[in-house]
Amino acid sequence: MKRVAKILPVGSWAVELAADVFCADYEGRHRRRMVLPLQSGEKVLLELEHARLLQAGEGLCLEDGRIIKVEALPEELMEVRAQNPLHLVQLAWHLGNRHLPAAIEPERILIRYDHVIADMVKGLGGHIHRVQAAFDPESGAYAAREHGHTHHDHDHHDHAHEHTHEHEHRHSHSHGHVEHHHGGHSHSHG
């Protein structure tokens, strides 16, 4: 079984050179290690250091030099529309606050269908439509940064985690200290 040697960014390769196609929905394209079934029936192995979304238009370059085009399978999504551009930004903020994968376009935001979120958007004055569309959500700042500096970022994240743990420990200790002397601090009532 051939392996994927590298992933070519959207627009960095000639799509007409694709030797085969890998087509899947959002779940099927968000992977770290997986056997990918191609349109021709062939299977290739994807092995990445971190899970990531294979975006429509990317090229999977195999060990033998062939390029496999990634395509997004249409799926049932929820289209969020707003009253004006500022309102769309506000809705995007509320959706982002819930850490939902979202594809942001000039006139609309696409997310996966969720009746709780649909009710929230309606409550905020937004409009919801069920649509069938390809889902290529924003990858996020952290994912984008990891591409070029994988090892550095990994070390950095470990260090940040240790720091956070120490900080929480100190914070919980000082918090208990404040509660213990609560009556003596007049500023705590202001």
Search result, residues across region 8-43 that are closer than 21 Å to Ala133 by Cβ, of a type outside the set (A, V, I, L, M), within 18 Å of the chain's Cα centre (by Cα) and not in a loop (DSSP other than H, G, I, E, B): Tyr26, Glu27, Gly28, Arg29, His30, Arg31
Members of region 46-60 that are surrounded by fewer than 16 Cβ atoms within 10 Å (Cβ to Cβ) and out of contact with any Asp or Glu (no Cβ under 7 Å at 6 or more places or on another chain): Glu47, Leu48, Glu49, Ala51
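When you scan region 79-86, do you find a residue that is assigned to a strand (DSSP E or B), within 21 Å of Arg3 (Cβ to Cβ) and touching an Asp or Glu at 6+ places or on another chain (Cβ under 9 Å), even just one?
As a first pass, look at region 79-86 and keep what is assigned to a strand (DSSP E or B): 79-81.
Now drop any that are not within 21 Å of Arg3 (Cβ to Cβ), which leaves none.
No; the residues of region 79-86 include none that is assigned to a strand (DSSP E or B), within 21 Å of Arg3 (Cβ to Cβ) and touching an Asp or Glu at 6+ places or on another chain (Cβ under 9 Å).
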Test set (1) outside any loop (DSSP other than H, G, I, E, B); (2) modelled with pLDDT of 50 or more - Phe135 fails condition number: (1)
Sole residue being under 20 Å from Met1 (Cα atoms), at pLDDT 95 or above and surrounded by fewer than 15 Cβ atoms within 10 Å (Cβ to Cβ), chosen from Lys69, Lys43: Lys43
Enumeration of residues in region 20-40 that are touching a Lys or Arg at 6+ places or on another chain (Cβ under 8 Å), surrounded by 15 or more Cβ atoms within 10 Å (Cβ to Cβ) and at pLDDT 95 or above: Asp20, Phe22, Leu36
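The values are calculated or read from the model by the stated rules, or taken from the named source; none is laboratory data. As the structure is a prediction and not an experimental result, all values here were calculated from the model. Here the Cβ is made from the backbone with ideal geometry for all residues, glycine too, and neighbour counts use every protein chain on show.
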